[in-house]
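Heads up: the structure comes next, in structure tokens.
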Amino acid sequence: MYSLTKNQTMKEKQILLREPFNEQYTLLIESEINGVDVYVTSKVQLRFDFHVLKIEDNHIEVRIVQLDNKLLETNSPMIKEVAVVSQIFGRMYNELHLILDQSGKVISVLNYDLILSKWKQTKSEMDQHIAGNPDLQQAIILNDNIFTDPEKIKIAVQANEFFPVYFGSTFGINLPASKSISGTNIFNTANMTWNMKIETPAYLSNHSESIRVVTRFNPKDSFTSGFYNTAYKQFEDKINITNLNVQLEQTETRQLDFSNGKLEKAMISKREIVDEKKLYNIVNYSMLSDSEQKNELKKG
């Protein structure tokens, strides 16, 4: 009896997928990167159908179908080429039947055979285009390596943009929370430790409707010359990397229904400002459910 009460108490402090539902989402990813000599902007729109099929004690069965993937804007021909390759090879993962834990981690891929068959078909179609196209050649090699190992498939599936935006670090843990986590900077050029703090309403269990959850990430330690040399060494002949005032932060805001775990909307901002005019990386994610979009339109 004590164990049951304890589990119930824990669940009252956690955001969980608590019941089956089906929802569609639009995800917009806006990126602005200044690499001293290279300035790139892009805006990508993705559409997902998310179907929570079954809730068990320790896992969830879901289907995630990517409905659309559009490059809306960019100032770079290179980004256009990368987007085409990404769309071609991404179609292997546009239908996913998965078992997840409550944090959104992929436990198993139930439609592995379908994904593999799509890869074989895609590879066959690309054979005639590989010659003279190094991007396609590299993509073929990379995917061949992935499909030799089901564990690598899980890693590839986990990299889907849907998971970090929907789940982030907020599901399946006691809230509010504060802890240190390992990661990288936004440029993904150096390992570092982040302080993560999750802010929630005072009494989660009293909320059966929409709640707002804010997750903030800030560097745990002061930046050292060693970090600068690792993170920005490739720019050392263009800017002075020994005298920097780096701004590095990530903020995530989610609005969701606590009673069932359905995300209504999410906003994620990632910022790494090394030099305000020459070197920075800013990425913004916004995800909106079709249901919430209709509600907002009704409110005017």
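The values are calculated or read from the model by the stated rules, or taken from the named source; none is laboratory data. Source: prediction; values computed, not measured. Positions of Cβ are backbone-derived with ideal geometry, glycine not excepted, and every protein chain shown enters the neighbour counts. Calculation scope for accessible area: heavy atoms of the full protein, side chains included, ligands and nucleic acids excluded. Shrake-Rupley method; radii C 1.70, N 1.55, O 1.52, S 1.80 Å.
I'm trying to understand the selection: among the residues of the stretch 59-84, which are touching a residue at least 12 places away in the same chain (Cβ under 8 Å), under 21 Å from I146 (Cβ atoms) and of a type in the set (A, V, I, L, M)?
Passing the criteria: I64, V65, V82, A83.
Scan Q87, Q138 and give me the residue that is assigned to a helix (DSSP H, G or I) and either in contact (Cβ under 8 Å) with a residue 12 or more places away in the chain or closer than 30 Å to Q14 by Cβ (or both). Step through it out loud before you land on a result.
Working: Q138 fails: either in contact (Cβ under 8 Å) with a residue 12 or more places away in the chain or closer than 30 Å to Q14 by Cβ (or both).
From the options Q87, Q138, the qualifying one is Q87.
Per-residue answers, yes or no, for (1) at pLDDT 95 or above; (2) open to solvent by less than 70 Å² (accessible area, probe 1.4 Å):
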position	(1), (2)
F163	yes, yes
G172	no, yes
T193	yes, yes
T200	no, yes
N206	no, no
R212	no, no
Y232	yes, yes
D237	no, no
T242	no, no
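Run down K265, K270 and say which single residue is charged (D, E, K, R) and either at pLDDT below 95 or in contact with a Ser or Thr (Cβ under 8 Å, 6 or more places away or on another chain) (or both). Working first, answer last.
Details: K270 fails: either at pLDDT below 95 or in contact with a Ser or Thr (Cβ under 8 Å, 6 or more places away or on another chain) (or both).
Just a single option satisfies the conditions, and that option is K265.
Taking the conditions exactly as written (hydrophobic (A, V, I, L, M, F, W, C), closer than 23 Å to L53 by Cα, at pLDDT 90 or above and not in a helix (DSSP H, G or I)), does I107 satisfy them or not? Before you say what the answer is, go through the steps one by one.
On the way: hydrophobic (A, V, I, L, M, F, W, C): yes; closer than 23 Å to L53 by Cα: yes; at pLDDT 90 or above: yes; not in a helix (DSSP H, G or I): yes.
Yes, satisfied.
I'm told N58 meets every condition in (1) farther than 27 Å from L136 by Cβ; (2) surrounded by 15 or more Cβ atoms within 10 Å (Cβ to Cβ) except one. Can you identify the failing condition by its number?
Unmet condition: (2).
What tally of residues in the stretch 61-81 results from selecting those that are part of a helix (DSSP H, G or I) and either surrounded by fewer than 16 Cβ atoms within 10 Å (Cβ to Cβ) or in contact with a Cys (Cβ under 6 Å, 6 or more places away or on another chain) (or both)?
First pass over the stretch 61-81, keeping only residues part of a helix (DSSP H, G or I): 77-81.
Going one step further and asking which of them are either surrounded by fewer than 16 Cβ atoms within 10 Å (Cβ to Cβ) or in contact with a Cys (Cβ under 6 Å, 6 or more places away or on another chain) (or both), we end up with 77-78, 80-81.
Total meeting the criteria: 4.
What number of residues within the stretch 249-300 satisfy the criterion of being in contact (Cβ under 8 Å) with a residue 40 or more places away in the chain, in a strand (DSSP E or B) and of a type in the set (S, T, N, Q)?
Counting residues in the stretch 249-300 that are in contact (Cβ under 8 Å) with a residue 40 or more places away in the chain, in a strand (DSSP E or B) and of a type in the set (S, T, N, Q) gives 7.
Being in a helix (DSSP H, G or I) and either in contact with a helix residue (DSSP H, G or I) (Cβ under 8 Å, 6 or more places away or on another chain) or under 23 Å from T26 (Cα atoms) (or both) is the requirement here; does N143 meet it? Working first, answer last.
Numbers: in a helix (DSSP H, G or I): yes; either in contact with a helix residue (DSSP H, G or I) (Cβ under 8 Å, 6 or more places away or on another chain) or under 23 Å from T26 (Cα atoms) (or both): yes.
Yes: the conditions hold for N143.
Select from the stretch 17-27 the residues that are of a type in the set (A, V, I, L, M, F, W, C) and buried (at least 16 other Cβ atoms within 10 Å of the Cβ) and write down the one among them that is nearest to E292 (Cα to Cα). Explain how you work it out, then say what you get.
From the stretch 17-27, those of a type in the set (A, V, I, L, M, F, W, C) are 17, 21, 27; that's our starting set.
Checking which are buried (at least 16 other Cβ atoms within 10 Å of the Cβ) leaves us with 17, 27.
On the way: L17: 18, L27: 13 Å.
My answer is L27.
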